[in-house]
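The values are calculated or read from the model by the stated rules, or taken from the named source; none is laboratory data. Only a predicted model underlies this, so the values are computations on that prediction, with no experimental measurement involved. No Cβ is skipped: glycine too gets one built from the backbone with ideal geometry, and neighbour counts run over all protein chains shown.
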Amino acid sequence: MLPIELAKRLALLLALAFFLGLAFEEIYKRDEPTIPGGIRTFPLVGLAGAMLYLVEPHWGLAFVAGLLAMAAWLYAFLRFSGLPEGGSGRTMVIPVCNLLIYVLGPIALTQPPWVATGVTVATVLVIGTRERMHSFARLIPQDEVLTAGKFLILVGIILPLVPDTRLIATAPVTPYNIWLAVVAISGLSYLTYLVQRYRPIKGGALLPALLGGAYSSTATTVVLAKRQKEARTSCIRGSQCWSRSSAYHWQLGCCPP
């Protein structure tokens, strides 16, 4: 690597480590200022990882030795530092951030700049939205997690395993296409349910309709018609209950005991 290119990579590494250190101190070091990591520590850790990688880049033995030493030190610090149980300092996010900065050194030297930048930005977004993510986790019931898991089984496990061979030589239909249609209809229905439950806005079915129409207008029509029928049934039942209640009160008013 040319010296100018190496200088650019090291400057990018320092900038990204400084940026992550700012976010880390804002979130975690306000309550526990003694925890490892921060605006000074992260650039030094990143440089240490980069220099140890440059010492022996073929096998990376020096880098691996430094990684093991740093992991042992973080374990000893968190184990014997006396931080209060349940505090912000007793979390796996702190050692993970330190190890991530250490690994970011070789990443910045060997990979395209967008890789190191993307990893850093993703880390900042994750640690910066800690409270929102915890609130979101408390908002989602266990049944919703199980439902999402079942949908992921349909998409990520069963769909890739379905063969993409024709059932009939004269018809361009394969089991993969059939299951893909099932996944599309299930996904539209599930998306409509999520929008109507967690974003109960006027015209909440517009987004699923637009997304579904981009894939299949027929599938979108089927799903939205089903939802409309369910909503109409609920309205009819509500109207019947209200009518019966009104008639009952009218009879009580006209036929007093």
(message) One residue is enough: does the range 98-105 have a residue meeting the conditions under 23 Å from residue 6 (Cβ atoms) and of a type in the set (Val, Ile, Thr)?
(response) yes
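Return a yes/no flag: does the range 114-132 have any residue that is assigned to a helix (DSSP H, G or I) and farther than 30 Å from residue 44 by Cβ.
Initial filter on the range 114-132 (assigned to a helix (DSSP H, G or I)): 114-128, 130-132.
Now drop any that are not farther than 30 Å from residue 44 by Cβ, which leaves 132.
Yes.
Please verify whether the range 27-40 includes one or more residues that are assigned to a helix (DSSP H, G or I) and modelled with pLDDT under 85. Explain how you work it out, then say what you get.
Filtering the range 27-40 for residues assigned to a helix (DSSP H, G or I) gives 27.
Next, from what is left, pick out any that are modelled with pLDDT under 85: 27.
Among the residues of the range 27-40, at least one is assigned to a helix (DSSP H, G or I) and modelled with pLDDT under 85, which makes the answer yes.
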(request) Select, from 132, 166, the only residue that is at pLDDT below 90 and not assigned by TED's automatic domain parsing to the domain that holds residue 21. (result) 166
(message) Anything in the range 1-53 that is surrounded by fewer than 20 Cβ atoms within 10 Å (Cβ to Cβ) and β-branched (Val, Ile, Thr)? List them, or say none.
(response) 4, 27, 34, 39, 41
(message) Of everything in the range 111-138, what is over 30 Å from residue 1 (Cβ atoms) and in contact (Cβ under 8 Å) with a residue 24 or more places away in the chain? Give them in sequence order.
(response) 127, 128, 130
(request) Can you tell me which residue among 76, 48 is more than 27 Å from residue 11 (Cα to Cα) and either at pLDDT 95 or above or over 30 Å from the mean Cα position of the chain (by Cα) (or both)? (result) 76
